[in-house]
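Trainee: Shown below is the structure under consideration.
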Amino acid sequence: MRAAVVTDFGGPAAVRIVDREIPEPAAGQVRIKVAAAALNPADVMVRSGALGELDTPLGLGWDVAGTVDATGADTDWAVGDAVVALEGNLVKPLGTHAEYVVVDASAVAAAPGTVDAVQAATLPLNALTAAQALDLLDLGAGQTLLVTGAAGAVGGYAVQLAAHRGIEVTALAGEPDEDLVRELGAARFAARGRAPGVHDAVLDAAVMGEPALEWVRDGGAYAGMMPQARQASVRGIRTSAVAVAADGAQLKELVELVDAGALTTRVAATYPLEEAAKAHARLAEGGVRGRLVLLP
């Protein structure tokens, strides 16, 4: 099979398409024939070496939408099932940017019925990150939340999920994105560069770090995106950082929200797997709204 890997850290040109043996599922695992797999900033961090001098070659890709192709023992999935999943391991010889991928059965959920595989491939990493960050904040209906980077993939899902839970959301984003974030469910909008006020909590999808703590009330809560750079507590603020975990049961709930129209998937463009380096280059240009998706 063909797969995208990194053998030397660097820019988009560091992405290589190579031949690999098709992996075999062990007990408690399934093999998925990949229909679509999203490209995420996490892949850029792996490719560039920003996460450290890891052993290479490294596989790329976290999200997958496709069809179960083979199963190990002790799984409830069957060949032919349409599924989505998160391959949540940072260091891996093969990721989801490949023609086939093996994942733990516990990371898998049935695919949405209302969107195609390209749209579904944008869900696992970003929606799980948003949901698990909200869980860390532990807000109740009627409380106030500021989401930074609200027009991005994680931020957009966070706005929708929080609004669905009855939380009053203020979206911090660029001025051109006001209509978008309001459509996603933001009750209020704050343009980037302007003071957004003080809130019960901040979900920092834009990775602003310490400056975002100024927008949390005394004794409030803050959730960041980088566990390795967790913010220190000030003014009694409870700080945390999400380390996204593959969770098929939670992913199933998110799929149900997609099918109910409560979560909106967003695709910016698609690329053949063979053009993965071009997709990385486009992501590096910035200004992408929605995810770039690779198609084997």
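The values are calculated or read from the model by the stated rules, or taken from the named source; none is laboratory data. Just so we're clear, the structure is a prediction, and the values are computed from it rather than from any experiment. Cβ: placed from backbone, ideal geometry, glycine included. Neighbour counts: every protein chain shown. All accessible areas refer to the heavy atoms of the entire protein, side chains included, with ligands and DNA or RNA removed. Shrake-Rupley method; radii C 1.70, N 1.55, O 1.52, S 1.80 Å.
Trainee: Using a 1.4 Å probe, what is the accessible area per residue for the chain, in Å²?
Mentor: Result: 41 Å² of accessible area for each residue.
Trainee: Here is a follow-up. Ordering W62, W77 by how much accessible area each has at a 1.4 Å probe, largest first, what is the list? Let's see the in-between values first.
Mentor: Details: W62 25, W77 60 Å².
Result, largest first: W77, W62.
Trainee: Using a probe of 1.4 angstrom, how much of the accessible area of the chain is carbon and sulfur, in percent? Intermediate values should be presented prior to the final figure.
Mentor: On the way: 5990 of 12200 Å².
Answer for the chain is 49 percent, counting heavy atoms of protein chains only.
Trainee: Let me ask something else. Could you give log10 I(q)/I(0) at q = 0.13, 0.15, 0.16 Å⁻¹ for the chain, computed by the Debye formula over C-alpha point scatterers of equal weight, without solvent?
Mentor: -0.88, -1.13, -1.26
Trainee: Right, something else. Report the semi-axes of the equivalent ellipsoid for the range 90-157 in whole Å, largest first, where each axis is √(5λ) for an eigenvalue λ of the Cα gyration tensor.
Mentor: On the way: eigenvalues 149, 43, 33 Å².
Over the Cα atoms of the range 90-157, the semi-axes work out to 27, 15, 13 Å.
Trainee: Rounded to a whole number of µm²/s, how large is the Stokes-Einstein D of the range 110-197 at 4 °C and 1.567 mPa s, given Rh as the Kirkwood radius over C-alpha pairs? Numbers along the way, then the final one.
Mentor: Details: Rh = 13.3 Å.
Taking Rh from Cα pairs, D becomes 97 µm²/s.
Trainee: Then there's this: Against the longest principal axis of the chain, how steep is helix 248-259, in degrees 0 to 90 to the nearest 10, with axes from Cα atoms?
Mentor: Taking the Cα atoms of the chain, the angle to 248-259 is about 70 degrees.
Trainee: Now for a different question. Once each part is reduced to its C-alpha centroid, what is the distance from the range 238-257 to the range 1-17 in angstrom?
Mentor: The range 238-257 and the range 1-17 have Cα centres separated by 28 Å.
Trainee: Okay, moving on. Return the whole-Å distance between the Cα centroid of the range 105-168 and the Cα centroid of the range 36-103.
Mentor: That distance is 20 Å.
Trainee: Here is a further query. Could you give the angle, 0 to 90 degrees to the nearest 10, between helix 276-285's Cα long axis and the longest principal axis of the Cα atoms of the chain?
Mentor: Helix 276-285 sits at roughly 20 degrees to that axis.
Trainee: Classify the range 157-270 as rounded, prolate or oblate from the Cα gyration tensor: take a ≥ b ≥ c as the square roots of its eigenvalues, call it rounded if a/c is under 1.5, otherwise prolate when a/b beats b/c and oblate if not. Can you show the working numbers first?
Mentor: Values: a/c = 1.78, a/b = 1.28, b/c = 1.39.
It is oblate, given that a/c is not under 1.5 and a/b is not larger than b/c.
Trainee: Still on this structure, please answer the following. If r is the Cβ-Cβ distance from K278 to A195 and R0 is 41 Å, what FRET efficiency results, to the nearest 0.05?
Mentor: Numbers: r = 39 Å, r/R0 = 0.96.
About 0.55, to the nearest 0.05.
Trainee: Using the beta-carbon distance between D259 and A232 and R0 = 35 Å, what value does 1/(1 + (r/R0)^6) give for FRET efficiency, to the nearest 0.05?
Mentor: Numbers: r = 41 Å, r/R0 = 1.16.
Calculated value: 0.30.
Trainee: Can you compute the FRET efficiency between A78 and D135 using 1/(1 + (r/R0)^6), with r the Cβ-Cβ distance and R0 = 35 Å? Round to the nearest 0.05. Write out the running numbers ahead of the final one.
Mentor: Working: r = 31 Å, r/R0 = 0.88.
With a Förster radius of 35 Å, E is 0.70.
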